[in-house]
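The values are calculated or read from the model by the stated rules, or taken from the named source; none is laboratory data. Just so you know, these numbers come straight off a predicted model, no measurement behind them. All Cβ positions, even for glycine, are placed from backbone atoms using ideal geometry, and neighbour counts span all protein chains on display. Each accessible area value is taken on the protein alone, full model and side chains, heavy atoms only, with ligands, DNA and RNA left out. Shrake-Rupley method; radii C 1.70, N 1.55, O 1.52, S 1.80 Å.
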Amino acid sequence: MSATQAEASPLDVTLGQIRRLPCKFIKGKSDTPPIILKTIAQELSGTGKNILPVIVRLVGEDKYQAILNTQILDAARLVHLDFVWCIVVNQAMQKQVEVELGQTLWVNLATASEQDLADTLTYLASQPGSPLKGLEATIAASKIAAEDRSTWQDFTPITKLKCGITKGKKLDALATAFYLTPPPPPPAPPDAISIKQASRAAIFERLAYLTSHKLSGFGTVDPEAVSDLIASADRSKWKSLTPITKLGCGIDTAKLKALKTLFTL
């Protein structure tokens, strides 16, 4: 990279690449002891540049916030350097940097194995002042791993597992190490059809849509069995979908709202 390219406008930012940025555009101050800053400053004075880049985040027009290696920025100012080499990151990349440095754990709760769950919970419980202190991590991990976590939107279902993690500080503590990837949205549903005239195949198609995507509590419904029951019922006099709840097929009144989006009379 040429000097001209390196000193391009700070607005010309490429995330993840090293940029030579003016110190005056970067905010941030470290708590590094003065003697260490002096030592760093001596090195920078001799070479005129830093080897270890300062990690910064763009916060505005010509404005950056130093988030890591801020001691280099402090030392550069001591010896009146106009520029420092930096890597510009966004918030998501900042998390990756912290993970790479071993400063934080970042485990997908939806896909983590039982062992990874146990190891992470053990680590969290061991931290000073942790609200999870005393948690039986292996027991909690076993109960969490046994659940279908693919549709979880947050950590709340854990509080119903009786594993020692309750609402409040204990549940909040999980967010320091775990995350959830929201499930992708389901495809467009089949067109609504008349329940009175629908064939067994058409009924199955719509029930399978609800059950396969676990929508509105249909994850435990057997679409094959329910399709058989509805198809064999005398639907000619139905005035609503309520008779479905009397077929003993696992569909109650709470699930009828979802059915009304796929079936008419």
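Summary of values
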item: Every residue from the range 18-47 that is assigned to a loop (DSSP other than H, G, I, E, B) and surrounded by fewer than 11 Cβ atoms within 10 Å (Cβ to Cβ); result: ASP31, PRO33
item: Count - residues of the range 201-222 that are of a type in the set (Lys, Arg) and either open to solvent by 40 Å² or more (accessible area, probe 1.4 Å) or over 36 Å from the mean Cα position of the chain (by Cα) (or both); result: 1
item: Only listed residue being surrounded by fewer than 15 Cβ atoms within 10 Å (Cβ to Cβ) and either touching an Asp or Glu at 6+ places or on another chain (Cβ under 7 Å) or within 30 Å of GLY129 (Cα to Cα) (or both), chosen from ALA188, ALA225, ALA175, ALA192; result: ALA175
item: Residues satisfying the stated conditions in the range 49-98, i.e. modelled with pLDDT of 90 or more, assigned to a helix (DSSP H, G or I), closer than 14 Å to GLY28 by Cβ and of a type outside the set (Asp, Glu); result: THR70, GLN71, ILE72, LEU73, ALA75, ALA76, ARG77
item: Considering residues of the range 142-172 that are of a type in the set (D, E, K, R) and assigned to a loop (DSSP other than H, G, I, E, B) only, the residue surrounded by the most Cβ atoms within 10 Å (Cβ to Cβ); result: ARG149
item: Residues of the range 208-223 satisfying the condition of being part of a helix (DSSP H, G or I) and closer than 16 Å to ALA254 by Cβ; result: LEU210, THR211, PHE218, GLY219, THR220
item: Residue within the range 103-125 that is part of a loop (DSSP other than H, G, I, E, B), within 30 Å of GLY60 (Cβ to Cβ) and in contact with a helix residue (DSSP H, G or I) (Cβ under 6 Å, 6 or more places away or on another chain) present; result: yes
item: Single residue of the range 229-261 satisfying the filter (free of Cβ contacts under 8 Å to residues at least 24 places away in the same chain and over 19 Å from ILE193 (Cβ atoms)) that is farthest from the chain's Cα centre (by Cα); result: LYS246
item: Tally of residues being in a helix (DSSP H, G or I) and either of a type outside the set (A, V, I, L, M) or touching a Ser or Thr at 6+ places or on another chain (Cβ under 9 Å) (or both) across the range 227-245; result: 7
